[in-house]
1. Which pairs do you get when a residue that is under 24 Å from A:His47 (Cβ atoms), found in the stretch B:110-136, comes within reach of a residue that is modelled with pLDDT of 90 or more and in a helix (DSSP H, G or I), reach meaning Cβ atoms under 6 angstrom, with the pair 6+ apart or on two chains?
2. Working carefully through the options A:Tyr186, A:Tyr170, A:Tyr145, find the one that is open to solvent by 10 Å² or more (accessible area, probe 1.4 Å) and either in the same structural domain as A:Lys100 (by TED's automatic domain parsing) or in contact with a Cys (Cβ under 8 Å, 6 or more places away or on another chain) (or both).
3. Would you pick out the residues in the stretch B:15-43 that are open to solvent by 30 Å² or more (accessible area, probe 1.4 Å), within 14 Å of chain A (Cβ to nearest Cβ) and more than 7 Å from DNA strand C (Cβ to nearest atom)?
4. Any idea which residue in the stretch A:10-53 is farthest from DNA strand D (Cβ to nearest atom), counting only those that are in a loop (DSSP other than H, G, I, E, B) and more than 39 Å from the chain's Cα centre (by Cα)?
5. Can you tell me how many residues within the stretch A:60-69 are within 7 Å of chain B (Cβ to nearest Cβ) and in contact with a helix residue (DSSP H, G or I) (Cβ under 6 Å, 6 or more places away or on another chain)?
6. Given the criterion assigned to a helix (DSSP H, G or I) and at the interface with chain A (Cβ under 9 Å from one of its Cβ atoms), identify the matching residue among B:Leu77, B:Leu91, B:Leu72.
7. Is it the case that B:Arg191 is surrounded by fewer than 22 Cβ atoms within 10 Å (Cβ to Cβ), at pLDDT below 95 and closer than 22 Å to B:Phe73 by Cβ?
8. Select from the stretch B:1-14 the residues that are surrounded by fewer than 17 Cβ atoms within 10 Å (Cβ to Cβ) and either under 17 Å from A:Lys54 (Cβ atoms) or not hydroxyl-bearing (Ser, Thr, Tyr) (or both) and list them in ascending order.
There are 2 protein chains.
Amino acid sequence: MTMSRIAKIAGVSVATVSRALNYPEKVRPELRNRILEIARQYNYVYHAAAADLKRQKSNAIGVLFPTTIGPLFAETLMAIQEKIQEHHMALIVGNTMYSKAEEARLVKQFQERRVAGIIFTGYGLGQENLIRNLMRQNIFCVVTYENLEDTDINYVGFDNFKAAYDATNYLISLRHKRIGLIIGPYRKMGRLLKRFKGYQQALKDHGIQFDAALVVSTEPGLLEGKQAMRQLLHLPEPPSAVFAVSDHLAIGALSSIKQAGFQVPGDISLIGFDGVELAAYCDPPLTTVRVPARDMGRLATEVLMKSINNGVKRAMQYCLDADLIIRKSCSELK
Amino acid sequence: MTMSRIAKIAGVSVATVSRALNYPEKVRPELRNRILEIARQYNYVYHAAAADLKRQKSNAIGVLFPTTIGPLFAETLMAIQEKIQEHHMALIVGNTMYSKAEEARLVKQFQERRVAGIIFTGYGLGQENLIRNLMRQNIFCVVTYENLEDTDINYVGFDNFKAAYDATNYLISLRHKRIGLIIGPYRKMGRLLKRFKGYQQALKDHGIQFDAALVVSTEPGLLEGKQAMRQLLHLPEPPSAVFAVSDHLAIGALSSIKQAGFQVPGDISLIGFDGVELAAYCDPPLTTVRVPARDMGRLATEVLMKSINNGVKRAMQYCLDADLIIRKSCSELK
DNA sequence: GCAATTTATGTAAACGATTACATCACAATC
DNA sequence: GATTGTGATGTAATCGTTTACATAAATTGC
């Protein structure tokens, strides 16, 4: 079933059918209803590809994630999803698996489908040129999880440096001096690097010597957190507090600490990052930094929609708050 | 940049350009390279919509999830993702939010995009007609998380009844008689209903009287698990063991039990469902039923690809194993 | 009652690929 | 050397919409 077949049956032109379907107010109600009725009867299904071809754009938008495992990205994805569906658009997703090549492939795929826009989630280093290229091709982009202050790129992020600084600072305020850091592959990822620097700066600002032996860089994951913590525990002079830069890492670390027979926070204070709901259900409930995963998703999608509907305009940039959530996993050093 | 522009520049016909791009072996190497080079130079991007229109199908496939929060579905999604990307296809995702209407809207969207197939993840009740309709329109479907034995529908699932039966049975083997059940909205969802029945049957097979007061049906989620457990704890005669039919519910329940000052498994045995990695990192590590989330995703995608490539054929149906994983959260009733 | 405006509909040309079919050159066969 | 076969390329129709423009009919204003 196609519009022209419907047109034939209704004894009108395809233009009228198209209008009846897309701009109902443009066709006389009586006729419109007749057309709609025929479409329904014959099970007409709109052919998006044909429309996309003619209109030279689609109503699909692409989202790029490193991975969707881990509750954080899943929340952002969910928020994006909801907004997208509100706008009756389609969402094409891709996982880069932290690989540049895979990312390139996916972006190409998005271009081939002529997506209206792309949301980059927590992207790596230096995609700025890629994004500018896309914008030039009229594909609007937004970046989440980062703040790209001195660029002309849309973003909805938070201050990774400050968030890590605050967390470290909190530990210091509890008199901790030997503070371990368990962090993802920060050398490869802009926002992790910023967090690393936030940690360093907090130490520096309080006259605490940075000790490379106290930082473990690892892949994200529960097991990795556990292993990293074990490593820290075996240090000649183990830390009295640990900042695990993801709740998943922290939960892994927690299990390692308990297994070694230590108490949290009695023997070791532990602070996480992300603020996933789960952190509140740990034993003890995990102090953490809440990153605005849902809000970023929501806002980023809105920003994208605005860009798309109003043409380019100037960059829209939002830096949301990431708040320290104090629960029970940290205590003052005796 | 379009094929015909490239054709003009190269002094050949569009057909040749199309062939150079799609069936490289069909055009003389020298000419092919010249065309490819021009395409590269002029930043040619393939126009998927145009091809889809002409070919009357797309290389996109749709996936439907109730929601993507909760680690389980996220894992399945990830597995699907990987397979899809291996096949160089595009993945359109939609969240039904457990709503029939939303599901219908998304399916329509998929149809409009002429997806090659749809993966239904853990679908509700009686979509069988919907699916048969889609198949008739040449949109191949696979259902995961369910086994639809006596139908002609592709599925890659596991035996929900048996999985729940086994878990309950295990508790019974530890001499428990009052076994609580915390479960999602089983009245609305086929697979939850089957699990409920598995629980009932296990009781029955061991001569234990079913007690409706011991089952709490709730939305999935940590908080809900916690509340449900609280409710169970306040019973005049609380259960000595609880089967929480999702690890998330179980973790919520666990926190509730601890908060009330009871021990797991000393006072109350607890068993989860799903077998997410996280369950191993609880305190105590959670005994659970491992559902083959990744495998279902992988296999379902493969089944779909085969359907698509080979035309319809007979239904492919796989019932994978869901194993009981015994850890530390259950003990024998004294 | 006529011109001017508005509203409803039709006409037809795109959009950018794919592909059946036609053509042509050349090699292989007897 | 005529015939057949093979491989490379071209021709042109087609997929199902959208939309600028044309036209016709109805409404308005004076």
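1. Hits for this filter: B:Glu112/A:Ala48; B:Arg113/A:Ala48; B:Ala116/B:Ile308; B:Gly117/B:Leu304; B:Gly117/B:Ile308; B:Ile118/B:Phe110; B:Ile119/B:Ala300.
2. Numbers: A:Tyr186 fails: either in the same structural domain as A:Lys100 (by TED's automatic domain parsing) or in contact with a Cys (Cβ under 8 Å, 6 or more places away or on another chain) (or both); A:Tyr145 fails: open to solvent by 10 Å² or more (accessible area, probe 1.4 Å).
Checking each option against the conditions leaves just A:Tyr170.
3. Listed by number, the residues that qualify are B:Arg40, B:Tyr42, B:Asn43.
4. Within the stretch A:10-53, the first condition is being in a loop (DSSP other than H, G, I, E, B), and the residues that meet it are A:11-13, A:23, A:27-28, A:42-47.
Still in the running and more than 39 Å from the chain's Cα centre (by Cα): A:11-13, A:27-28, A:42.
Numbers: A:Gly11: 15, A:Val12: 11, A:Ser13: 7, A:Val27: 11, A:Arg28: 10, A:Tyr42: 11 Å.
Here the answer is A:Gly11.
5. 2
6. Details: B:Leu91 fails: assigned to a helix (DSSP H, G or I); B:Leu72 fails: at the interface with chain A (Cβ under 9 Å from one of its Cβ atoms).
Residue meeting the stated conditions: B:Leu77.
7. On the way: surrounded by fewer than 22 Cβ atoms within 10 Å (Cβ to Cβ): no; at pLDDT below 95: yes; closer than 22 Å to B:Phe73 by Cβ: yes.
No; evaluated as a whole, the condition is false for this residue.
8. Our first condition is that a residue be surrounded by fewer than 17 Cβ atoms within 10 Å (Cβ to Cβ); within the stretch B:1-14, this holds for B:1-2, B:4-5, B:8-9, B:11, B:13-14.
If the condition is that a residue be surrounded by fewer than 17 Cβ atoms within 10 Å (Cβ to Cβ) and either under 17 Å from A:Lys54 (Cβ atoms) or not hydroxyl-bearing (Ser, Thr, Tyr) (or both), then B:Met1, B:Thr2, B:Ser4, B:Arg5, B:Lys8, B:Ile9, B:Gly11, B:Val14 are the ones that fit.
The values are calculated or read from the model by the stated rules, or taken from the named source; none is laboratory data. No experiment lies behind these values; they were computed from the predicted model shown. All Cβ positions, glycine included, derive from the backbone under ideal geometry; neighbour counts span all protein chains shown. Side chains are part of the model used for accessible areas, which takes the heavy atoms of the whole protein and leaves out ligands, DNA and RNA. Shrake-Rupley method; radii C 1.70, N 1.55, O 1.52, S 1.80 Å.
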